[in-house]
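*Asks:* Starting off with a structure, shown below.
Laboratory data are not the source of any read-out in this text; all were calculated from the coordinates shown. None of these values were measured; they are calculated from a predicted model. With ideal geometry, Cβ positions are generated from the backbone for all residues, glycine too; neighbour counts draw on all protein chains shown.
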Amino acid sequence: MTRRVRAPRIDFGALRRELELPERFPPAAQREAEEAAGAPPPGTDRTDLDLVTIDPPSSRDLDQAMCLRRRAGGGFRVCYAIADVAAYVRPDGALARETWRRGQTVYLPDGNVPLHPPALSEGAASLLPDGDRAAVLWTIDLDADGATVAVRLERARVRSRAKLDYAGVQAALESGTAPEPVALLPEIGRLLVRRGLDRGAINLPTPEQEVAPVNGGGWRLVLRSTAPVEEFNAQISLLTGMAAGEIMLAGRVGLLRTMPAPPVDAVARLRAAAVALGVSWPAGARVGEVVAEVDPGDPRGAAFLDQAAELLRGAGYTPFDGAPPERTGHAGVGAPYAHVTAPLRRLADRYATEVCLALHAGAEVPEWARAALAGLPEVMTATGRVAGAAERGAVDLAEAVLLAGRVGETFDAAVIDVDAPRRAATRQPRGTVALDEPAVRARCEGELPVGERVPVRLAEADPKRRHVLFRHP
């Protein structure tokens, strides 16, 4: 399900200035990137693999390429190539220092603010299907039930055969015409999803709001549901991240992506919400299993998922060197896990990958990578806030521009959240509502019945403040 509403011209410049996003790379960092882009890719020759990428159609910063095969005697082999960014970035150079300042790529509708110069991120280091590329190749063998039985890791020279997109792969899978490298993706993906649910993993199937350009000018606000192939593709990344986490824990050094288990009282509140909203919670079912069956397009389902999101709080990066940390797991994944599959877009992945390469080979972790681990959480947290603010700000701006001329109109909306009661009698009760047309999610004043559809009147729509407010009744 995809709904689009066209908006007029929108200037995202103020948002860029407010967040102090860099406009260009320092000359020394740019020069290093261009020089590195001309170097031949290192590593063992694995251009025999029929690797393909799956990304949004407009993406050029391609971190991952895959080739899925059946193993003789049963089970599967997952070949997963990750862009080898460390092959292009000197640890002590000007480019490395600039990537520490940026931390991660920030995506905006009118163009991204990349972690690395486009000469690398959209050129020599990206796994585009136009020549050989440097990669870190993960080869993960699974048994017939999707359990990992072997992991190999190496630097390799690879060549992507095709740049595929989600919609095209989904259609090809449904018609039985999917390219061979990804034909097994649904079968493997379903096994991995099932194993995740058995571990207690929680995945929220909530539609995403996006601001996308319109041919001929203007912008559109898109509410896009995730296609099954996107979830299956994400499972391959999670599989690799879990393998990385196990390598780090066994080697007693690394950088885990962690999240605390949901508090018992939060789960109890979600159970109570399920009863109130009419969401089925079978006896013995885990949270993730219940969430997986909820329809996000139903107002009651959307309200339930909004509350379920409260369980997934406190994600962070946990470095360790010596004894494993007290907390090693990630509640959303249901296992120890590390970020290693998006080094073009996330700084931490470059260092975590170097740790895994060394540990897998039985070698010493490079000092430049080891020394960086302790400082990465602060950088990733700070730049993650900026990236999140950019994403939210762009959607808020598009909503305000889209609705600016419609103040006073009444819309049909689903109530997906209600604020906790305030003690002060002067405080107006509030909540959050989601409109179908246009695809807007905004704050609303008034007594709101969570999980129900109600009429709401647009009270404010201010593009300068990126602010939208409804009232009910």
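*Asks:* In what sequence do Cys79, Cys444 fall when counting other Cβ within 10 Å, fewest first? Mind showing how you got there, number by number?
*Replies:* Working: Cys79 21, Cys444 25.
The fewest-first ordering by Cβ neighbours comes to Cys79, Cys444.
*Asks:* Tell me, how many Å apart are the Cα centres for the range 263-299 and for the range 169-191?
*Replies:* Taking the Cα centre of the range 169-191 as reference, the centre of the range 263-299 is 30 Å away.
*Asks:* While we're looking at this one, here's another question. Which of the following values of volume of the Cα convex hull per residue in Å³ was calculated from the structure shown: (i) 145; (ii) 292; (iii) 166?
*Replies:* Identified label for the calculated read-out: (iii).
*Asks:* So how do Ser175, Ser237 line up by other beta-carbon neighbours within 10 Å, fewest first? Intermediate results must be reported in sequence, preceding the final value.
*Replies:* Values: Ser175 8, Ser237 18.
Ranked by crowding around the Cβ, least crowded first: Ser175, Ser237.
*Asks:* Gap in Å between the Cα centre of the range 427-459 and the Cα centre of the range 63-128?
*Replies:* Cα centroid of the range 63-128 versus Cα centroid of the range 427-459: 40 Å apart.
*Asks:* Once you measure Cβ to Cβ distances between cysteines in the chain, which Cys have no partner under 4.7 Å?
*Replies:* That list is Cys356, Cys444.
*Asks:* Still on this structure: When the Karplus curve 6.51 cos²θ - 1.76 cosθ + 1.60 is applied with θ = phi - 60°, which whole-Hz ³J(HN,Hα) does each residue of the range 241-254 get, with x for Gly and Pro?
*Replies:* Karplus values, whole Hz, x for Gly and Pro: x, 5, 4, 5, x, 5, 4, 5, 5, 5, x, 6, 7, x.
*Asks:* What fraction of the DSSP beta bridges in the chain is antiparallel, stated in percent and rounded to the nearest 5?
*Replies:* On the way: 68 of 78 bridges.
If I count the DSSP bridges inside the chain, around 85 percent turn out antiparallel.
*Asks:* Nearest 10 degrees is fine. How inclined is helix 299-308 to the longest principal axis of the chain, computing both from alpha carbons?
*Replies:* So the inclination is approximately 50 degrees.
*Asks:* While we're on this one: Using θ = phi - 60° and the Karplus relation 6.51 cos²θ - 1.76 cosθ + 1.60, list the HN-Hα couplings for the range 229-236 in order, rounded to whole Hz, with x at every Gly or Pro.
*Replies:* Each residue of the range 229-236 in turn: 5, 5, 5, 5, 4, 5, 5, 5 Hz.
*Asks:* Enter the angle in degrees (range 0 to 90, nearest 10) between the Cα long axis of helix 166-175 and the first principal axis of the Cα atoms of the chain, meaning the one along which they spread out most.
*Replies:* 90 degrees
*Asks:* Please give the length that would be gained between Trp100 and Arg190 if that part of the chain were fully extended, namely 0.36 nm times their separation in residues minus their C-alpha to C-alpha distance (nm, one decimal). Don't skip to the end; give the middle numbers.
*Replies:* On the way: separation 90, 0.36 × 90 = 32.40 nm, distance 3.70 nm.
So the extension gain works out to 28.7 nm.
*Asks:* What value, in deg cm²/dmol to 500, does the helix sum -39500 (n - 2.57) over DSSP H runs of n ≥ 4 give at 222 nm once divided by the residues of the chain? Show your work: numbers first, answer last.
*Replies:* Working: 12 runs with 154 residues, N = 473.
Calculated at 222 nm, the ellipticity per residue is -10500 deg cm²/dmol.
*Asks:* Which whole-Hz couplings ³J(HN,Hα) result when phi for each residue of the range 411-419 is put into the Karplus expression 6.51 cos²θ - 1.76 cosθ + 1.60, θ = phi - 60°, listed in order with x for Gly and Pro?
*Replies:* 10, 8, 9, 9, 8, 9, 7, 10, 5
*Asks:* Describe numerically, in nm with one decimal, the distance between label points set 7 Å from Cα along Cα→Cβ at Asp298 and at Ala14.
*Replies:* Distance between the two pseudo-spin positions: 4.1 nm.
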